[in-house]
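Encoded as structure tokens, the structure appears first; notes follow it.
The values are calculated or read from the model by the stated rules, or taken from the named source; none is laboratory data. As the structure is a computational prediction, the values presented were derived from the model and not from experiment. With ideal geometry, Cβ positions are generated from the backbone for all residues, glycine too; neighbour counts draw on all protein chains shown. We work out accessible area using only protein heavy atoms, side chains counted, and drop any ligands, DNA or RNA first. Shrake-Rupley method; radii C 1.70, N 1.55, O 1.52, S 1.80 Å.
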Amino acid sequence: MKSHFCIKRYLFPMFMVIGLTCSCGRNIETYLQTKAEPVKTDFFAMDTHMQFTAYGDKAEEALKAAEEVVAQLESKWSVTKEDSEIYQVNHSNGQEVALSDETAEIAVFALEMASKTEGALEPTIYPVLTAWGFTTDENRIPEAAELEELLAHVGYDRVEPSGNQIQLPAGMELDLGAVGKGYAGDQVIELLKEEGISSALLDLGGNIQAIGRKPDGSDWKLGIRSPFGEGTIGILSIADCAVVTSGNYERYFVGDDGKEYGHIIDPSTGYPVENDLASVTIIAKEGKLADALSTSMIVKGLEGAEAYWRENPDFEMLAVTNQGDIYLTEGIEDLFSLSGTFGNMKMHIIREVR
């Protein structure tokens, strides 16, 4: 049996190295141009390929410790491994379960983000994802009655955390996949900084997190992948932050009806999201926040995402519509530039209401 961890999985993560240029995940390409010698580690965890790159005398030892941190967190959060904490929660039949500090912290964060986004992020949607086959790769279109029955057991507001204890109603399942890679990245960043690493880039299956800038002092350059096929729509310059992209084009199947069904589910309907957004890229200081918002802003659609950002301007956003327009929040207006054949795409700046 596979150990399914996250609901934002990448079917075909790609890593191309050309000189010191690497392609990270399906959404973001990272361009490393520096004379400093990088230390890298590649491994598989949380249902995806990860690559960590760091610079400095202690980089090799620090990266080994970082890989161990990710493995430890995965062992606690797997939905299918019977010895994981989340598995125990989901099979407690409504009884209270004790959690480790890390699991309690991320569970509370996921529930808080669910409330803050008014359910656009829903950490109890796992059974619905399973019905669609997105957790098993055995895709199908569920009957409306089946989805209605499953949705009766979905609802973040019915989860009861208390300190390191948590209680779910019988029949409900908790999945931390929408925030797990981001939280793990935050823990790795903290560890690397404690080890004296001041320049590093983490690729957690397409989630990008950076410590500082490149050793030569320049920004990291991320190529944002087109949601309409191959190619990079533009280059984003970043430093000391997290960048996460989501879109239903990442993972979908074509049903017997000839329609495409994407893996991001609207918790209010139980069906894949259908709105005006093709992809959303979130830039934030913390990986867990970028992870949570990349999913929930897709669910909200462009108008809802704009309104949310204006009320919570602690992140930046790059949204691509199905019509091929790009919407940027004003904080990254000067950090993004179109590239190649996508130079004619129309860009709009989302500004705060003053």
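Filter the stretch 200-216 down to residues that are part of a loop (DSSP other than H, G, I, E, B) and at negative phi and give me whichever is surrounded by the fewest Cβ atoms within 10 Å (Cβ to Cβ). That would be D216. Scanning the stretch 304-341 for residues that are farther than 20 Å from D266 by Cα, outside any helix (DSSP H, G or I) and β-branched (V, I, T) yields I326, T329. Under the condition of being touching a residue at least 40 places away in the same chain (Cβ under 8 Å) and charged (D, E, K, R), which residue from the stretch 70-82 is least open to solvent (accessible area, probe 1.4 Å)? Only one residue fits best here, namely E74. For the residues E60, E67, the requirement of being in a helix (DSSP H, G or I), in contact (Cβ under 8 Å) with a residue 12 or more places away in the chain and open to solvent by 90 Å² or more (accessible area, probe 1.4 Å) singles out E60.
Condition check for T135 on (1) within 22 Å of E286 (Cβ to Cβ); (2) buried (at least 23 other Cβ atoms within 10 Å of the Cβ): one failure, at (1). Filtering E118, E149, E85 for residues that are open to solvent by 50 Å² or more (accessible area, probe 1.4 Å) and farther than 24 Å from S246 by Cα leaves a single hit, E149. Of all residues in the stretch 205-217, exactly one satisfies the criterion of being of a type in the set (S, T, N, Q) and over 15 Å from A54 (Cα atoms), namely N207. With respect to (1) free of Cβ contacts under 8 Å to residues at least 24 places away in the same chain; (2) not in a loop (DSSP other than H, G, I, E, B), the lone exception for E230 is condition (2).
Against the numbered list (1) among the aliphatic types (A, V, I, L, M); (2) open to solvent by less than 50 Å² (accessible area, probe 1.4 Å); (3) farther than 23 Å from L293 by Cβ, L174 comes up short only at (3). Of the residues that make up the stretch 101-109, is at least one under 26 Å from T269 (Cβ atoms) and either touching a residue at least 40 places away in the same chain (Cβ under 8 Å) or over 19 Å from the mean Cα position of the chain (by Cα) (or both)? Within the stretch 101-109, one or more residues are under 26 Å from T269 (Cβ atoms) and either touching a residue at least 40 places away in the same chain (Cβ under 8 Å) or over 19 Å from the mean Cα position of the chain (by Cα) (or both). Taken over the stretch 282-292, the criterion of being touching a Phe, Trp or Tyr at 6+ places or on another chain (Cβ under 6 Å) and part of a helix (DSSP H, G or I) is satisfied by K288 alone. Residue count for the stretch 88-106, restricted to those that are in a helix (DSSP H, G or I), open to solvent by 40 Å² or more (accessible area, probe 1.4 Å) and within 25 Å of G155 (Cβ to Cβ): 3.
Restricting the stretch 272-289 to residues that are in contact with a strand residue (DSSP E or B) (Cβ under 7 Å, 6 or more places away or on another chain) and within 19 Å of I125 (Cα to Cα), the residue that is surrounded by the most Cβ atoms within 10 Å (Cβ to Cβ) is V273. Residues in the stretch 225-236 that are small (G, A, S) and open to solvent by 20 Å² or more (accessible area, probe 1.4 Å) were compared, and the one that is nearest to G324 (Cα to Cα) is G229.
Cβ-Cβ distances below 6 Å connect the following pairs, each with a first residue in the stretch 129-146 that is within 16 Å of E260 (Cβ to Cβ), a second residue that is crowded, with 20+ Cβ neighbours inside 10 Å and not small (G, A, S), and a separation of six or more residues or different chains: F134/H263. Within this structure, S339 fails the test of being touching a Phe, Trp or Tyr at 6+ places or on another chain (Cβ under 9 Å) and either on the phi < 0 side of the Ramachandran plot or of a type outside the set (K, R) (or both).
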